[in-house]
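Undergrad: Here it is, the structure in full.
The values are calculated or read from the model by the stated rules, or taken from the named source; none is laboratory data. Since we're looking at a predicted model, the values are computed, not measured. FYI the Cβ positions are ideal-geometry reconstructions off the backbone, even for glycines, and counts take in every protein chain you see. Heads up: the accessible areas ignore ligands, DNA and RNA and are worked out on the full protein's heavy atoms, side chains in. Shrake-Rupley method; radii C 1.70, N 1.55, O 1.52, S 1.80 Å.
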Amino acid sequence: MDYTNKSPEEVLKSVFGYDSFRLLQKDVITNVLSKKDTLAIMPTGGGKSLCYQIPALIFKGLTVVVSPLISLMQDQVAALNAAGVNAVFLNSTVEWEDYKDSMNSIRRGETKIVYVAPETLVTPKINDLLHDSRVTVSCITIDEAHCVSEWGHDFRPDYLEISSLRSQFKDAVFLALTATATRSVREDIIKNLKLKNPAVLVSSFDRPNIFLDVRQKSRNALDQVVECIRRHWDESGIIYCFSKKQVDELTEKLDKLGYSVLNYHAGLTDEVRADHQTKFIRDQVQIMVATLAFGMGIDKPNVRFVIHYDMPKSLEQYYQEIGRAGRDGLQSEALLLYSAGDIHKIRYFFDEASDRQRCESLLQGMISYATGRTCRRKLLLSYFGENYEKKAGEKEGETESRCCDLCKQGPIPEIDMTIPCQKLMSCIIRTNSRFGAAYIIDVLLGSRAQRIIDNGHNMISTWGIGREMDKNQWHELVNLLIEKNFITKYGDYNILLLTNDGLAALKNRDKIMLPFNTPKGSGNASSVDLQAEGTFTPKYRASVGSAGGIMFPKPEKKKSSWSQPDKSPKTGFVLHKKEVDFGDDEEGKRIQGELKKWRKRKAEEMNVPPYVIFGDKTMNDIALKKPRTSDELYDVNGLGEKKVEKFGAEILLIVN
């Protein structure tokens, strides 16, 4: 069908089955259709792909999508083809005859979207194809655009070659998309891709459907993992580990407990990795245990939990990885387990880094998040420069149970932290407001690091006056003072500066009450008693939902069934409420169950992932609305014309 004269709203409904745009989608699409270069920062699951797919159908020419991820290309093309859109991908996995057929389809103008890897983009074959007189390139989209920045968490040198296209295709509009980009990364993207006076659109980084849970790793960390899996019986999840050895060990343990699980890391052959990933994508296995690179290219919307068995090295990496949960907007969970050992492992590799100070700054952001005692969502969003505000119409306490583990516990009593705050703020001033938190804290703890001695800061009055607290506690105090607007961070190295409020509090010797609750010894502990100077007494609190060393029984049913021991284990943790509650609607429950089985069979017949047929949201909407006619199917969220035509009769048979 020709969509060149259709509006974006018409294409959205007829092709993709959605009634309205969300987040920044309409703004991005409007800019692209106006041929204005655009950089869009939108969270994972925020619908970035529609921002180029809809313009691609309206443009007369070809849209080129540059992506580093073969699996993502395959998934996107399968989903587009299922929706009736002619799209192809060209990479090393394609047989030569199919490769030629796809290129000829592009030359004939039959293909609207082609996906290529950055290294493929500069090959003679692709260069000749895009410069063919029969081919008009209307749009060039760069997905995962943060890969072009050395400040990003996933820099890829191949991305730097993309900028050469700017001068080659002067009439094409450039669209750069990413889920994570600090201010420095955004500037790098614009510069390195040579975007022309681009519109920079930044969506909210908030993913309200993801419950953020952080716990100190116990000696029985496997119990904590199993507890999370049991909360998500019959649901898909990813577990991230620091090393290949850890991945294999945890996979083996979970397998022995009877869970449906596979491993994924660079030590496996390409064939085994591809096989494991395919099984996970197609819901043939429930859990993937993987090293940190896994999942970036997976467009799987029904991942319900992401567990970090080890602490990531930065909040950018953490945010990117937890974003793989709940892409369909349904309730999901992100569990982070951390320990002092994780921090030592990460620092061990700093010797190989070109910028140790930058690495330490990124790590401190992660440590502050993990050890923080205020709302995780506020901390995470503030890192990306966003203030977390309660949505309009929400009542006090309405979202706390779905926000994070700390909000679930309730408020932490405030205690008098005046003296430690005065020491910290004085030290910032004594060091001329030129250093980040890690350096200031080292001065307070009396470090004799060469850098401190060279700067003469072992001779100032604040050197060594903070030994009543350890590093983690000082970092927590920094976070609290930032939240209270007494200090702020500046620049790429997060230099600490006092605000006007901070200067006034220090000058007037104001009493400072804070919800300080970080147990001493949670990181690099000092041996000095917290009460040595009589400043404060920390209030210890056990983590909610701790497994307590109890090993859960092995599931009775076979692994292939995905069934877990109990649907409601007595762990002291309330199961997360799903977005759809059928209550007494037994017919809705029956339809949902039958649709799930039918979807899996149909996906196997078509050799595609189940979510290519339709996602959980669409399945739930069918079960709730119970459409009886083809016309009523068009009212279902996520069913476009092609899918109604293709699957409508079978869906109605199940409903009726």
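Undergrad: With only Lys, Arg, Asp and Glu charged, each at its Cβ (+1 for the first two, -1 for the last two), find how big the charge dipole of the chain is about the Cα centre; round to the nearest 20 debye.
TA: So the dipole magnitude of the chain works out to roughly 840 debye.
Undergrad: Under the rule a/c < 1.5 gives rounded, and otherwise a/b versus b/c splits prolate from oblate, where does the range 105-157 land using the Cα gyration tensor?
TA: On the way: a/c = 3.30, a/b = 2.23, b/c = 1.48.
Since a/c reaches 1.5 and a/b is larger than b/c, the shape of the range 105-157 is classed as prolate.
Undergrad: Now for a different question. Can you tell me the order of 36-45, 200-209 when each peptide is scored by its average per-residue count of other Cβ atoms within 10 angstrom, highest first?
TA: Peptide ranking by packing, descending: 36-45, 200-209.
Undergrad: Lys/Arg Cβ at +1, Asp/Glu Cβ at -1, dipole of the chain taken about the Cα centre: which of Pro610, Ala266, Val135 is farthest positive-ward?
TA: The listed residue farthest towards the positive side: Ala266.
Undergrad: Still on this structure, please answer the following. Taking all protein chains as present, what is the carbon and sulfur share of the accessible area of the chain, in % to the nearest whole number, probe 1.4 Å?
TA: Carbon and sulfur together cover 48 percent of it.
Undergrad: Lys and Arg at +1, Asp and Glu at -1: add these up for the other residues within a Cβ distance under 11 Å of Leu381 and post the number.
TA: Charge balance in the 11 Å sphere: +1.
Undergrad: At a probe size of 1.4 Å, how large is the accessible area of Trp233, to the nearest 10 Å²?
TA: In the full protein context, Trp233 sits at about 90 Å².
Undergrad: I've got another one for you. With 25 Å as the limit, write out which pairs from Lys13/Lys60; Lys26/Lys300; Lys217/Lys408; Lys125/Lys244 have Cα-Cα distances beyond it, or answer none.
TA: Lys125/Lys244
Undergrad: Let me ask another. Kindly provide the GluC sites (Glu not before Pro) of the range 107-192 that DSSP labels as loop, not H, G, I, E or B, and whose Cβ sees at most 11 other Cβ atoms within 10 Å.
TA: Numbers: sites: Glu110, Glu119, Glu144, Glu150, Glu161, Glu187; in loops: Glu110, Glu144, Glu150.
Those satisfying the criteria are Glu110.
Undergrad: Can you list the residues, at least 5 places off or on another chain, whose amide H is less than 5 Å from the amide H of Tyr388, using H built in the peptide plane?
TA: Sorted by chain and number, the residues that satisfy this come to none at all.
Undergrad: Now, a different point. Report the one residue of Ala78, Val64, Ala505 whose Cα lies farthest in the direction of the positive end of the charge dipole of the chain (charges on C-beta: Lys and Arg +1, Asp and Glu -1; origin at the Cα centre).
TA: The residue sitting most towards the positive pole is Ala505.
Undergrad: Continuing with this model, one more query. Along the range 256-261, what does the Karplus equation 6.51 cos²θ - 1.76 cosθ + 1.60 (θ = phi - 60°) give for ³J(HN,Hα), rounded to whole Hz, x for Gly and Pro?
TA: 5, 7, x, 8, 7, 8
Undergrad: Please report, in Å, the Rg and the Dmax of the chain, where both are computed over Cα atoms only.
TA: 26.3, 82
Undergrad: Mind listing the long-range amide H neighbours of Ser236? Cut-off is under 5 Å, sequence gap 5 or more, other chains count too, H placed in the peptide plane at 1.01 Å from N.
TA: Arg304
Undergrad: Can you give the Rg to Rh ratio of the range 13-137, both from alpha-carbon atoms, with Rh computed by the Kirkwood formula?
TA: Across the range 13-137, the Cα-based Rg/Rh ratio is 0.95.
Undergrad: Moving to a separate point now. Quick one: which residues, 5 or more positions from Tyr115 or on another chain, have an amide H under 5 Å from its amide H? H modelled 1.01 Å from N in the peptide plane, none for Pro or chain starts.
TA: Residues meeting the criterion, in which the H sits 1.01 Å from N, are Val65, Val88, Phe89, Leu90.
Undergrad: Now for a separate question. Can you give me the Rg/Rh ratio for the range 43-93, using Cα atoms for both radii and the Kirkwood formula for Rh? Don't jump to the answer; show the numbers that get you there.
TA: Numbers: Rg = 11.1 Å, Rh = 11.8 Å.
Ratio of gyration radius to Kirkwood radius: 0.94.
Undergrad: Could you compute Rg(Cα) / (2.2 N^0.38 Å) for the range 196-283, with N its residue count?
TA: 1.42
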